[in-house]
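Some notes on the structure that comes next.
The values are calculated or read from the model by the stated rules, or taken from the named source; none is laboratory data. Only a predicted model underlies this, so the values are computations on that prediction, with no experimental measurement involved. Every residue, glycine among them, receives a Cβ derived from its backbone with ideal geometry; neighbour counts consider all protein chains shown. Each accessible area value is taken on the protein alone, full model and side chains, heavy atoms only, with ligands, DNA and RNA left out. Shrake-Rupley method; radii C 1.70, N 1.55, O 1.52, S 1.80 Å.
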Amino acid sequence: MKTIHLTIDDMQVSVPEGTTLMQAAETIGVHIPRLCYLPNLSLEGACRICIVEVAGARTYQASCATKVAEGMIVKTNSPEIRQARRDLVELILDNHPMECQTCDRDGQCELQTLAYSMGVRERLFEGKRKRYEVEDSSFSVIRNSEKCILCRRCVRVCSEVQGVHNLSQLYRGFNTLVAPAHVSPMLESVCINCGQCINVCPTAAFLEKDSTDDVWAALSDPNKHVVVHIAPSIRAAIGEGFGLPAGTPETNRTVTALRRLGFDVVFDTNFGADLTIMEEAHELATRLKSGENLPLITSCSPGWIKFLEHFYPEFIPNTSTCKSPMTMLSVLLKTYYAEKHKLDPKNIYVVSVMPCTAKKFESRRPEHFAPAGYPYTDAVLTTRELVWMIKAYGIDFKHLTPGAFDNPLGFSSGAADIFGTTGGVMEAALRTAAEALTGKPLTELNFTEVRATTGLKEASIKIGDATINVAVANGLNNAKTILEKVKRGEKQFHLIEIMACPGGCIGGGGQPYPSEGRYVLDEEILKLRAGALYNIDEAKNVRKSHENPFVQDLYREYFQHPGSEKAHKLLHTHYTPRSPRGIK
Amino acid sequence: MITETKNTLPKEICDFIDVCLTREHPESYLIAVLHKLQQQFGYLTREHMDEVAQRLHVPASFVSGVATFYHFFRLQPRGKFSISVCLGTACFVKGADKILDAFRAELGVDLAETTKDGLFSLDCTRCLGVCGLAPVVTINDKVYSQVTPQQVPDLINRAKADLETTETKV
Ligand code: SF4
Ligand code: SF4
Ligand code: FES
């Protein structure tokens, strides 16, 4: 490729042809301020914050959208440019509420940070302000268009990464509004609740539906037995919320923090993951034998499940009927555990901590309510909400001593930990299915061929004499690609893992906002978080779900065997096509 | 739960969409399809737009984006009284914009919208060719000349009174 030579801020730069000015500046340590730009999404060029002066050009150029050219002379920091940028930020603020102190993103808002770094210290313009009600119909994602600055990152992530196309820019001029079709409430839209729009939004125009008030109330209610369980991917990401480097495993300090917050018992969603594998491996074996409803598609990701119901109802028969690890564990808490400890399930309050906003919706599905009318999971907190609660309670996370989960529902195999990353459910299932199918212990536990660093991976795995074809997809646009391939009959797959979010749960819509210098969807962060989970797995003695001794006890005492009638009643579910129909 | 969109589009429009689907970039015919729909029904309904989205394989949010972006498309039926303010040069110079604002304020609707009771819809038009009477407002087939913003409430009341008399006659 041709190399282009140019001058940026009096420094010589040589970069490959096709590089943008913004990227070229980064190679010499010049960070040009930006707002609408986000790597991994298409270029928008809407905010103009990234303008620079190019010698000979009539107007300032948006550096995120301008390619380098031979001999270009660029200034990113002249007094005029700095003034112009500041004016742009002031104009955005002019139409933005002045309520930073009471805003959920105070201290974590890109607009706030930008305004501060531009030196905006007072509001000069005071003009017409857009006024909207907060749209909070959804159990997962709330929309506050008053805070929207129209960068369209959410529109782009929802279309380009998730293929949902739920959001669009509606109306025009001053009345421009980002919303679902017909400005429908989110609950009545094709939104799959993934929360990626929250992750990418530079302001608080999208947020998760808050559950912390409910949890505080339960914690201070003397009549409630409050149980918490945390998803695999929480341990890989929560540290970032306290300023620790990405990829720091934080299982044990999280347990201590939860105890300090006042939870009576601290369990691990991982146990539910081991149980899911028991049921799903059994399902796979049955289907492989009968040849029916193949490929089997995983069902842990609630974003994917809602996508299935809106966009691909024809694949409902293929999708595993297993409830997710979260719901399985919550069910156990209000049945098995309650019976064992002679507790009235109505007095047990179950909180799950999830990387995911879609889990909030999952917990409110009527299918996941007990026949007596109470939900199995009472409240779902995102990683972000838990981080906030820990800080709000004055707990100094970094100085906590490590704690340990309670048993039996706090013990898990390493196979459960890797559920949190793309390819993990597949690998966990293969470890158990391979031994069940061949009757022999596995010599190699790491199925590295399904460990994906990309959004889509296919592999053929030899199990005994059989070969099974598998695919792993994360990000629903990738899921679309693989499902269309199945529909066209191009390849016979046996097992497909689908996770709605990029990278799997570690990239979920409820994970901590990126720290300074990082950005959302940063592959580097995802790799570090996944690495933390693989390390936890490697370090465990028990690395296969079926070898979890407490899971074995559970089957002996309660379910008899995977796929039993009782297991079906409590651990399995069903799906329904949903309106509005999604457009593929 | 409903799973299928209702089929309410007229056959000609469905056929037209089918033709578009055989061409390159079928989605680029979206505006043409919406245009035909509005021609036939006077405005775009949500059901129609959703069905267009399904048939043309364009996300509903995108259809909604296009329909709300262009002034031309109406999302509500016209009212019993269709008010039109001329924004031609002569009328504009004589303050037609202030008349328009007065209607907006009085009716609580913007251009191309209809009042909740379905009585009034507000629109603007280009020069009607009666510049001598500027500024001009038409309400259905009646033409009002040299209108002032102060007269706006009165014009609305008169229309309402007309309605009452016709209704009592019936
Ligand atoms: S939650 Fe996901 S599907 Fe819903 S609007 Fe946001 S990005 Fe789109
Ligand atoms: S809601 Fe957020 S991400 Fe979407 S356009 Fe507005 S400011 Fe940008
Ligand atoms: S960051 Fe370049 S225009 Fe917004």
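Between B:Tyr70 and B:Glu27, the distance separating the two model label sites (each 7 Å from Cα on the Cα→Cβ line) works out to 1.7 nm.
Annotation for the stretch B:104-170 versus the stretch A:374-405: alpha-carbon center distance of 61 Å.
Largest to smallest in accessible area, the residues A:Leu93, A:Leu124 fall in the order A:Leu124, A:Leu93 (1.4 Å probe, all protein chains included). Which shape class applies to the stretch A:301-395: rounded if a/c is under 1.5, otherwise prolate when a/b exceeds b/c and oblate if not, where a ≥ b ≥ c are the square roots of the Cα gyration tensor eigenvalues? Verdict is oblate for the stretch A:301-395.
Rounded to two decimal places and with Rh computed the Kirkwood way over Cα pairs, what is Rg over Rh for the stretch A:122-207?
Numbers: Rg = 12.9 Å, Rh = 13.2 Å.
Radius of gyration over Kirkwood radius for the stretch A:122-207 works out to 0.97.
In this label model, B:Lys160 and A:Glu99 are separated by 3.5 nm, measuring between points 7 Å along each Cα→Cβ vector. Considering all different alpha carbon pairs of chain A, the Kirkwood hydrodynamic radius works out to 25.1 Å. Which entries in the list A:Lys540/A:Lys569; A:Lys462/A:Lys544; B:Lys80/B:Lys142; B:Lys36/B:Lys98; A:Lys306/A:Lys480; A:Lys334/A:Lys527 go over 24 Å, if you measure between the two C-alpha atoms of each? Flagged as over cut-off: A:Lys540/A:Lys569; B:Lys36/B:Lys98; A:Lys334/A:Lys527.
Note on chain B: helix-only mean residue ellipticity at 222 nm, from DSSP H runs of 4+ residues weighted -39500 (n - 2.57) and normalised by residue number, equals -14500 deg cm²/dmol. Using the Karplus relation 6.51 cos²θ - 1.76 cosθ + 1.60 with θ = phi - 60°, the per-residue 3J(HN,Hα) values for the stretch A:108-114 come to 10, 9, 5, 5, 4, 4, 5 Hz, with x marking Gly and Pro. Relative to the current alpha-carbon distance between A:Arg259 and A:Arg58, full extension at 0.36 nm per residue lengthens the span by 66.1 nm.
For the stretch A:512-564, the average shadow cast by the Cα convex hull is 6.0 nm², which is a quarter of the hull's surface. For A:Thr453 and A:Lys540, a Förster radius of 22 Å and the Cβ-Cβ distance give a FRET efficiency of 0.45, rounded to the nearest 0.05. When shorter helices are ignored and each DSSP H run of at least 4 residues is given -39500 (n - 2.57), the per-residue value for chain A at 222 nm works out to -9000 deg cm²/dmol.
In whole Å, what is the distance between the alpha-carbon centres of the stretch A:242-302 and the stretch A:181-222? One Cα centre to the other: 22 Å.
Work out how much length A:Tyr555 to A:Ile73 would gain on full extension: take 0.36 nm times their residue separation and subtract the Cα-Cα distance, in nm to one decimal. Don't jump to the answer; show the numbers that get you there.
Values: separation 482, 0.36 × 482 = 173.52 nm, distance 7.12 nm.
Answer, rounded to one decimal: 166.4 nm.
Counting only the Cα atoms, chain B fills a convex hull of 163 Å³ per residue. The calculated FRET efficiency for the pair A:Leu445 and A:His5, based on their C-beta separation and a Förster distance of 60 Å, comes to about 0.70. Given axes a ≥ b ≥ c from the Cα gyration tensor, I'd like to know whether the stretch A:195-242 is rounded (a/c under 1.5), prolate (a/b larger than b/c) or oblate. Because a/c hits 1.5 or more and a/b fails to exceed b/c, the stretch A:195-242 counts as oblate.
Annotation: lysines with alpha-carbon distance below 19 angstrom to A:Lys485 (same-chain offsets under eight excluded): A:Lys457, A:Lys584. The Cys residues in chain B with no partner Cys Cβ within less than 4.7 Å of their Cβ are B:Cys14, B:Cys20, B:Cys124, B:Cys127, B:Cys131.
Which order do you get for A:His282, A:His165, A:His229 if you rank them by accessible area with a 1.4 Å probe, largest at the top?
Values: A:His282 80, A:His165 55, A:His229 0 Å².
Correct descending sequence by accessible area is A:His282, A:His165, A:His229.
When only C-alpha pairs under 8 Å and at least 6 residues apart count, what is the relative contact order of chain A, in percent? Numbers along the way, then the final one.
Details: 1144 pairs, mean separation 92.8, N = 584.
This gives 16 percent for chain A.
Its relative contact order, with pairs defined as Cα atoms under 8 Å and 6+ residues apart, puts the stretch A:389-489 at 17 percent.
A crude spin-label estimate for the pair A:Ala372 and B:Cys127, with each label 7 Å from Cα along the Cβ direction, gives 8.0 nm.
Need the full-extension length gain, A:Asn252 to A:Lys485, defined as separation in residues times 0.36 nm minus the C-alpha distance. One decimal, nm.
Values: separation 233, 0.36 × 233 = 83.88 nm, distance 4.24 nm.
Separation in residues times 0.36 nm, less the Cα-Cα distance, equals 79.6 nm.
I need the calculated FRET efficiency for the pair A:His568 and A:Lys289, taking r as the beta carbon distance and R₀ as 22 Å, to the nearest 0.05. Plugging the Cβ-Cβ distance into 1/(1 + (r/R0)^6) gives 0.80.
With contacts taken as Cα pairs under 8 Å at a separation of at least 6 residues, the stretch A:351-441 carries a relative contact order of 19 percent.
According to the square roots a ≥ b ≥ c of the eigenvalues of the Cα gyration tensor, what is the shape class of the stretch B:81-169, taking rounded for a/c under 1.5, prolate for a/b larger than b/c otherwise, and oblate for the remainder? Each step should come with its number before you reach the end.
Working: a/c = 1.96, a/b = 1.54, b/c = 1.27.
Verdict is prolate for the stretch B:81-169.
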